[in-house]
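Below is one structure, written out as structure tokens; the observations come after it.
Only the coordinates and a few stated rules stand behind these numbers; no lab work does. The structure presented is a predicted model; accordingly, all values stated were derived computationally and were not measured. A quick note on method: Cβ atoms are made from the backbone with ideal geometry, for glycine too, and the neighbour counts reach across all protein chains shown.
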Amino acid sequence: MMEQQHMDRARLAQLEQRVQVLEDVNAIRHLKARYAAYCDEQYNKPYCELGANYFDERRRHYTVDRLASRLERLGYWVHLEPVAAAAA
């Protein structure tokens, strides 16, 4: 009888552990879905092409500095001025 109770407790502990693993997997799945929704405002919207120069325009001053530095390393003196906006 004592041996049967020990087996029942062991089985119960094993089942509880398996259920906990399944609950953890489900919690991770929910957390990943929430994270994706928070990170991407456009999560459920169709893909929209941002354009070929999206990343250049996104951080324009870094792009200008990086390209000017490359030219200077090649032996050029660089002086850049922004072009005036075209009159509309």
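Annotation for the stretch 41-51: no member residue is outside any loop (DSSP other than H, G, I, E, B) and of a type in the set (Gly, Ala, Ser).
Filter the stretch 25-73 for residues that are among the polar types (S, T, N, Q) and surrounded by 10 or more Cβ atoms within 10 Å (Cβ to Cβ); which is nearest to Val83 (Cα to Cα)?
To start, the set of residues in the stretch 25-73 that are among the polar types (S, T, N, Q) comprises 26, 42, 44, 53, 63, 69.
Next, from what is left, pick out any that are surrounded by 10 or more Cβ atoms within 10 Å (Cβ to Cβ): 26, 53, 63, 69.
Working: Asn26: 55, Asn53: 18, Thr63: 16, Ser69: 20 Å.
Among those that are among the polar types (S, T, N, Q) and surrounded by 10 or more Cβ atoms within 10 Å (Cβ to Cβ), it is Thr63.
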